[in-house]
């Protein structure tokens, strides 16, 4: 297999559970950057996102060129599996055995695994029809289960990007160990993420774990930010899903505390999710309804405009990977305050490019935000340091080049299918765990 940019470029499938969404701009940027490097990337998605996720031209364009697995007609499912079964009956039955054995216990898990196997047949059939040689999946939960089974059904290799934190809560349920063993390689978005993968994988598999950051193109966030004059309302910004894991009740509590010193403070909450109504009710109870604007999902351009009007970006999450929206804020020279969890300290250096606070502590959160609102020079220093950090370590152009090299090297070095699509390095991992 030749490298990207030659007459025979890599032809890979990219897949996740729902794509494209307002919250997965990091995947969209990665796909675009790989295509710019000559890699042929065909995007797959298990199902279509909700219409409210289709917030900008980037999502619309990606949606139009993405293959959706569900919904599928029964006849199409049957034909896909029939083609796979009659082409390679031994391989098909081996994949069926994997689906039945590599799963959590219980009837419900069996039903879900059966669904994943059915979906995997459609994926494998389409990968063959499009003459693709490799499947890369983002996230290591359900869509990765489909990817693992599809690779075995189709006799091609697969890899995945591990993000966290959800799969770290239930690693045995999602069989992270088996996915790491069978994958050609695993891209981990941070050192913290890689360390968690090491917990589940035998040491013989650690060499397959590569750090590939999600990232942004710093050029997209170059703008002249006008600092607000003293006396103007102080503007805070949060961008993300309105879900419990994001710690938004803590952020609203902090805003109520800050309002005592900054009566005109304004928090813009850009996003949507299951806790939207609860959060609006909390804002009313705290008496800060006029200080909080819930603006719903925003396009990439709208997020950039919001960043240009913000004094501080705030994130009170309880669990994260390395939030891309923090990278965007830092690239736009907006000072950030975030919680000291997971991979965030690898992006935000406390006291240099932002402030880190303990999760679940509204007093500490309010104190650090207030310190930034009082000190214009500190905001400027943090903004400059944050921009430099993102340009140096979280630049999507650099990270895509790294991923392209990993893909090229791994695919070129993989032998003809071993154990129905499992590569030689993976065989060593399987043997180390007594599975081969």
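The values are calculated or read from the model by the stated rules, or taken from the named source; none is laboratory data. This structure is a prediction, so every number in the text was calculated from the model and none was measured. Quick reminder, even Gly has a Cβ in these numbers, built from the backbone with ideal geometry, and neighbours come from all protein chains shown.
Which numbered condition trips up residue 5, out of (1) at pLDDT 90 or above; (2) part of a loop (DSSP other than H, G, I, E, B); (3) out of contact with any helix residue (DSSP H, G or I) (no Cβ under 8 Å at 6 or more places or on another chain)? Going through (1) at pLDDT 90 or above; (2) part of a loop (DSSP other than H, G, I, E, B); (3) out of contact with any helix residue (DSSP H, G or I) (no Cβ under 8 Å at 6 or more places or on another chain) one by one, residue 5 breaks only (1).
For residue 21, are the conditions met, namely being under 20 Å from residue 239 (Cβ atoms), in the same structural domain as residue 119 (by TED's automatic domain parsing) and buried (at least 16 other Cβ atoms within 10 Å of the Cβ)? The answer is yes for residue 21. In the set (1) within 23 Å of residue 216 (Cβ to Cβ); (2) free of Cβ contacts under 8 Å to residues at least 40 places away in the same chain, residue 75 fails one condition alone, (1).
Candidates 372, 347, 378: the one that is modelled with pLDDT of 95 or more, in the same structural domain as residue 238 (by TED's automatic domain parsing), more than 21 Å from residue 164 (Cβ to Cβ) and crowded, with 20+ Cβ neighbours inside 10 Å is 372. Can residue 283 be described as at pLDDT below 95 and closer than 20 Å to residue 364 by Cα? So residue 283 fails the test.
Listed residues 132, 70; which is under 29 Å from residue 172 (Cβ atoms), in contact (Cβ under 8 Å) with a residue 24 or more places away in the chain, assigned to a loop (DSSP other than H, G, I, E, B) and touching a strand residue (DSSP E or B) at 6+ places or on another chain (Cβ under 8 Å)? So the residue among 132, 70 that is under 29 Å from residue 172 (Cβ atoms), in contact (Cβ under 8 Å) with a residue 24 or more places away in the chain, assigned to a loop (DSSP other than H, G, I, E, B) and touching a strand residue (DSSP E or B) at 6+ places or on another chain (Cβ under 8 Å) is 70. Where strands (runs of 3 or more DSSP E) fall entirely within the range 235-327, those with at least 2 residues that are buried (at least 16 other Cβ atoms within 10 Å of the Cβ) and within 22 Å of the chain's Cα centre (by Cα) are at 235-239, 266-270, 312-314. Checking each residue in the range 199-225 for being surrounded by fewer than 22 Cβ atoms within 10 Å (Cβ to Cβ) and under 18 Å from residue 166 (Cβ atoms) picks out 199, 200. In this structure, residue 400 does not satisfy being in contact with a strand residue (DSSP E or B) (Cβ under 8 Å, 6 or more places away or on another chain) and at pLDDT below 95. On the basis of being at positive phi and surrounded by 18 or more Cβ atoms within 10 Å (Cβ to Cβ), does residue 117 make the cut? Against the criterion (at positive phi and surrounded by 18 or more Cβ atoms within 10 Å (Cβ to Cβ)), residue 117 does not qualify. Scanning the range 389-413 for residues being surrounded by fewer than 16 Cβ atoms within 10 Å (Cβ to Cβ) and over 19 Å from the mean Cα position of the chain (by Cα) gives a total of 5.
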